[in-house]
Amino acid sequence: MIRTFGKVYLNNYQFTTDPQIQRAWPPRRSRLKGIMGSTTQQDFGRWAKDMRLTLTSSGNFMNQSLKAQIEGLMLTRKATYSYKDYTGLEGTVVIVDFDAKPTFIRDGQGVLFEYTLTLDVMTLTKLDFANYTGS
């Protein structure tokens with residue numbers, strides 16, 4: 001049976017092992033083209049709610065128990081969950097998508113899973129281990 005030692009938490013559920021974490025956080029920006037080659041740049045900054053996290057197993061696995069816990073969280077509509085990871089990000093998130101694929105590696109009664117978990121950030125309290133004061 002694989003021992004739980006991950007440093008990522010979703011609603012106080014500890015991940016079995018640490019996933020690869022990809023942040024996508026595009027700024028709110030647009031470029032308006034005018035006449036005679038002119039342009040106007042509009043920059044509205046970055047907002048916490050614009051961040052999307054994609055967690056992938058990348059060879060690290062999730063046990064049957066954690067898979068069941070995340071699937072249980074997905075059953076609640078419009079719910080937000082606490083989130084904390086090893087990159088120093090803390091806040092609340094919503095689960096966008098969860099795709100778990102079973103491996104042939106046994107773990108007690110079940111098997112281990114490779115996965116992709118997509119989360120949208122709703123609020124941030126810490127970013128890179130520092131208190132986040134933005135919106």
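The values are calculated or read from the model by the stated rules, or taken from the named source; none is laboratory data. Only a predicted model underlies this, so the values are computations on that prediction, with no experimental measurement involved. As a convention, Cβ positions derive from the backbone with ideal geometry for all residues, glycine included, and neighbour counts pool all protein chains shown.
What do you reckon, is Met62 among the aliphatic types (A, V, I, L, M), farther than 30 Å from Ser30 by Cα and out of contact with any Asp or Glu (no Cβ under 6 Å at 6 or more places or on another chain)?
yes
Can you tell me which residue is nearest to Lys7 (Cα to Cα) among those in region 60-88 that are surrounded by fewer than 15 Cβ atoms within 10 Å (Cβ to Cβ) and of a type in the set (D, E, K, R)?
Glu71
Output the residues belonging to region 39-54 that are surrounded by 14 or more Cβ atoms within 10 Å (Cβ to Cβ) and of a type outside the set (A, V, I, L, M, F, W, C).
Listed by number, the residues that qualify are Arg46, Asp50, Arg52, Thr54.
Out of all the residues in region 19-29, is one or more in contact (Cβ under 8 Å) with a residue 24 or more places away in the chain and within 22 Å of Arg106 (Cβ to Cβ)?
Yes, region 19-29 has at least one match.
Among the residues of region 1-38, which ones are modelled with pLDDT of 85 or more, exposed (fewer than 15 other Cβ atoms within 10 Å of the Cβ) and in a loop (DSSP other than H, G, I, E, B)?
Lys7, Asn12, Trp25, Pro26, Gly34, Ser38 - these are the residues of region 1-38 that are modelled with pLDDT of 85 or more, exposed (fewer than 15 other Cβ atoms within 10 Å of the Cβ) and in a loop (DSSP other than H, G, I, E, B).
May I ask you to list the residues in region 89-114 that are surrounded by fewer than 13 Cβ atoms within 10 Å (Cβ to Cβ) and within 13 Å of Leu53 (Cβ to Cβ)?
Correct list: Asp97 only.
Take Ser57 and tell me if it is polar (S, T, N, Q), surrounded by 13 or more Cβ atoms within 10 Å (Cβ to Cβ) and either modelled with pLDDT of 95 or more or out of contact with any Cys (no Cβ under 6 Å at 6 or more places or on another chain) (or both).
Here the answer is yes, as Ser57 does meet what is asked.
Just for region 98-135: of the residues that are small (Gly, Ala, Ser) and part of a strand (DSSP E or B), which one is modelled with the lowest pLDDT?
It comes out as Gly110.
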